[in-house]
Amino acid sequence: MKGIFITIEGPEGSGKTSLIKGLLPLLKEYFNISIMSTREPGGTFLAEKIRHIIFDLQSEKMDAKTESLLFAASRREHLVKKIFPALKKGRFVIADRFVDSSLAYQGVGQNLGIKTIATLNTFVTEGLKPDLTLYLDLKPKMGLARIKQNRANEVNRFDLSDLEFHQRVHKGYLEIAKENPKRVVVINAHQILAKVIKESFEVIVRRFPKRSFLEEK
Ligand code: TYD
């Protein structure tokens, strides 16, 4: 794969989406290229359908392994139809959530084990790993408070689940960051958004110097 693949990860309310919105114009200007920003299900028909099943509030409580398989299936569709082709063309891709979400939420949050979920996802990704992951670190209590304040109509069943679950997810993310110190950079998401954007931009620019990017891609 010739392109650059960056993922943004973090717990509920950590501001991933706002960060990406803030980063895009900065990166476009700095690198002078178009950047593909995407998130699962990425507008792909099948992945949308699968996601709909996962988040259907009417559905009976889903078994954690079924849920892991559905997230993996949705991810596979998004990868094959959107991310792989873009990376093959040498594009700069930023994804809002990727495999680390499954490791943290299903692996640790749902107690299925990081290794098990990693194995399942290797089948999905064929070993593709992000070149860089920005992990927005935020205490679960703060994240849930932010969601209640800002997204009252958007509460999905994950947001509704208990604090202990979100504490496990948080622990999971910290473990992933510790195990992958080169790939994962931890950004303190308790800071104001402008600082989160500035720090993230600096990390990306340091990791992918403009000249090398333009020469290699
Ligand atoms: P998402 O649609 O990405 O929304 P947001 O990033 O705004 O939270 O994710 C919705 C929920 O799905 C969120 O609680 C995290 C959870 N999730 C998993 O449990 N496993 C996964 O693999 C992914 C991608 C998301």
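Tabulated data for the structure shown
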{"item": "Crossing angle, helix 140-150 versus the chain [Cα axis fit, 0-90 degrees, rounded to tens]", "result": "90"}
{"item": "FRET efficiency, Q167 to R146 (Cβ-Cβ, R0 25 Å, nearest 0.05)", "result": "0.95"}
{"item": "Distance (nanometres) between label positions extended 7 Å along Cα→Cβ at F201 and N188", "result": "2.0"}
{"item": "Placed amide H near T38: partners under 5 Å, 5+ positions off or other chain", "result": "I94, A95, D96"}
{"item": "Spin-label pair L174/K21, simplified geometry with 7 Å Cα→Cβ offset, distance in nm", "result": "3.0"}
{"item": "Cα-based reach from K198 at 19 Å (exclusive), listing lysines while leaving out same-chain residues under 8 positions away", "result": "K16, K21, K28, K210"}
{"item": "nm² value of the averaged projected area, convex hull over the Cα atoms of region 4-214", "result": "11.2"}
{"item": "Region 183-194 - phi-based ³J(HN,Hα) in whole Hz, Karplus 6.51/-1.76/1.60, Gly and Pro as x", "result": "7, 9, 10, 8, 10, 6, 8, 7, 6, 5, 3, 4"}
{"item": "222 nm mean residue ellipticity, helices alone, for the chain (DSSP H n ≥ 4; -39,500 (n - 2.57); rounded to 500)", "result": "-16000 deg cm²/dmol"}
{"item": "Relative contact order [Cα under 8 Å, 6+ residues apart], the chain, whole percent", "result": "32"}
{"item": "Residues with amide H under 5 Å from that of V184, placed H, sequence gap 5 or more", "result": "T133"}
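Computed from the coordinates by the stated procedures, all read-outs in this text should not be read as laboratory data. Quick caveat: nothing in here was measured; it's all calculated off a predicted structure. Here the Cβ is made from the backbone with ideal geometry for all residues, glycine too, and neighbour counts use every protein chain on show.
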